[in-house]
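Participant: I'd like to ask you about the structure that follows.
Rule-based calculations on the coordinates, nothing more; no lab input. These figures come from a predicted structure and were not determined experimentally. Here the Cβ is made from the backbone with ideal geometry for all residues, glycine too, and neighbour counts use every protein chain on show.
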Amino acid sequence: MTKPALADALTAPRFEFVSERAGRLAYYVDAEGDGLPLVLVHSINAAPSSFEMRPLFEQYRGNRPVYSLDLPGFGHSERGSRPYTPAIYADALADFLLQVVQQPADVLALSLSAEFAARAALAMPGRIASLVVISPTGFSQRPVPSARIGRVAHQFLTIPLLSQGLYDLVASRRSIRYFLGRSFVGEVPVEVIDYAHATSHQPGARHAPLTFLSMQLFTPNAMDRLYGKLTDLPVLAIADRDPYIAFERLDEFVAGHPNWQRLRLAPNLGLPHWERLPETVAALDGFWATLEQSQ
């Protein structure tokens, strides 16, 4: 049965470009407004897309140029059966900044995409003017599984005739409602569930999420290998509680890195820009205003 075409995640023009390293990528843009561009990067899970960033896109459009990128394997971007690696996701963001945005930009990344943004910043100094990470991975005391364990898990998850069935269970409406419900203090907006279900049922939708579920997209010791090397980049981490991510080492890390700040905006469970938008916007505006004053 033919699956219905995926609607746009945002009410803004959608374009595509081709990254030599990451493939065909879709993005949304509202180029009105002045100042540094803002680039929004959604998380990685079974059903992510630019829809996750909708409240922030709508908040800033018209006030400054704002972009939202669909990462490889998600949204309207290419979803082929191919290797998905942390480097490919970092390359996607780096190529987007170089080819499309074409000037320094403030980047805001959600969850695991914080690691990809850190990789991109290290690869191209000066292109990311500041970085905001919401519920960033990489600060847990629990180590990331070894590469060997990840490969074995991925081989199991991608067994022919089994992988689609496994993914269908994870991407069912009931499952999506349950997992999203754990990320909201209050009720999950129906439109969030609807779009997550729709985007997770497009052709090829299982490939990238199954790599994510095998834990192969996480960087071992990301705190030191990635974040700790961002010595000159202003970074704001917004993190309170998250059912899927632990932040035991974040306060200690921030205390030892003066270019980092942490803000909690309690209570939130990983998506403060959906449930505490005014407070989130105030925090972002204050962070960026401080940077402008220091220049």
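Participant: What longest region of the chain stays clear of GluC sites (Glu not before Pro) that DSSP places outside H, G, I, E and B and that have at most 14 other Cβ atoms within 10 Å?
Facilitator: Details: sites that count: E20, E32, E187, E248.
Of all site-free stretches, the longest is 33-186.
Participant: Now for a different question. Taking only Cα atoms, what is the 0 to 90° angle, nearest 10, from helix 277-294's long axis to the longest principal axis of the chain?
Facilitator: 50
Participant: When only Cα pairs under 8 Å and 6 or more residues apart are kept, what is the percent relative contact order across the chain? List each step's numbers first, then the result.
Facilitator: On the way: 551 pairs, mean separation 60.0, N = 295.
So the answer I get is 20 percent.
Participant: Within 10 Å of each residue's Cβ, count the other Cβ atoms and sort R174, R21 from fewest upward.
Facilitator: Working: R174 9, R21 12.
Ranking R174, R21 by Cβ neighbours within 10 Å, fewest first, gives R174, R21.
Participant: State the extension gain, in nm to one decimal, for the chain segment bounded by V185 and L291, taking 0.36 nm per residue of separation less the distance between their alpha-carbons.
Facilitator: Values: separation 106, 0.36 × 106 = 38.16 nm, distance 3.13 nm.
Roughly 35.0 nm would be gained on extension.
Participant: Dipole of the chain, Cα-centred, from +1 at each Lys and Arg C-beta and -1 at each Asp and Glu C-beta, to the nearest 20 debye?
Facilitator: On the way: 26 positive and 29 negative charges, 218 e Å.
Here the size comes out at about 1040 debye.
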